[in-house]
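Reviewing the structure listed below.
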Amino acid sequence: MKNIILIGMMGAGKTTVGELLSQRLQKQLVDIDALIAAREGMTVTEIFESQGEGYFRSMEAGMAQALSLREDLIVACGGGLPLQEGPMAALKQSGWVIYLDRDAGEIFDGEDLSDRPLAQEGREAFVALAGERRPVYEKWADATIHDFTSPISTAARVKEAVETLNSWEQGESKG
């Protein structure tokens, strides 16, 4: 079974939605940032501070490559992972990429981003970063979700998108 790969800005809800999907679809959720933090024994912020962003991105790329070889997972990607062509291409080959396109201003105003290293320069910088990343997220996305009325509704939209993509693929392979 294909993986479901969730991408989007930090704070968009990838982990929360991934947890709901995991329960609903009986698939294992793998949060790449959490996996790296557990392996390193420190938070992502601590990794950025002590080892640098390059080290973190290298770890992230390796995790993505390894996960792309597995099936039937829900993968919550860090917000910067789609900027890495090779690992993201491998993940896309393994499943459906779903972009959680939540408004960056809403994320910044409504979420606690104090532990996110790339969200420390204020609202304007965060919104600008989201704007820079949007075309990259759109490039990888098989489907884009805009419904953030609640985590449950967002998870339902992701499930519907994946069902549509699966049925489209099955119809195409028969025709």
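The values are calculated or read from the model by the stated rules, or taken from the named source; none is laboratory data. Note that this is a predicted model, so its numbers are computed, not measured. Quick reminder, even Gly has a Cβ in these numbers, built from the backbone with ideal geometry, and neighbours come from all protein chains shown. Side chains included, ligands, DNA and RNA excluded: accessible areas come from the protein's heavy atoms. Shrake-Rupley method; radii C 1.70, N 1.55, O 1.52, S 1.80 Å.
Worth pointing out:
- Remark: Phe56 falls outside the filter, which requires a residue to be open to solvent by less than 60 Å² (accessible area, probe 1.4 Å) and touching a Lys or Arg at 6+ places or on another chain (Cβ under 6 Å).
- Those residues of the range 150-175 which are closer than 16 Å to Gly8 by Cβ and without any contact (Cβ under 8 Å) to a residue 12 or more places away in the chain, in sequence order: Ser153
- Matching residues in the range 119-135 - criterion: being among the hydrophobic types (A, V, I, L, M, F, W, C) and farther than 12 Å from Asp101 by Cβ: Ala119, Ala125, Phe126, Val127, Ala128, Leu129
- Odd one out for Ser50 among (1) under 21 Å from Lys159 (Cα atoms); (2) open to solvent by 20 Å² or more (accessible area, probe 1.4 Å); (3) out of contact with any Phe, Trp or Tyr (no Cβ under 9 Å at 6 or more places or on another chain); (4) not acidic (Asp, Glu): (1)
- Qualifying residue in the range 80-94 (condition: under 14 Å from the mean Cα position of the chain (by Cα), modelled with pLDDT under 95, under 25 Å from Met42 (Cβ atoms) and of a type in the set (Gly, Ala, Ser)): yes
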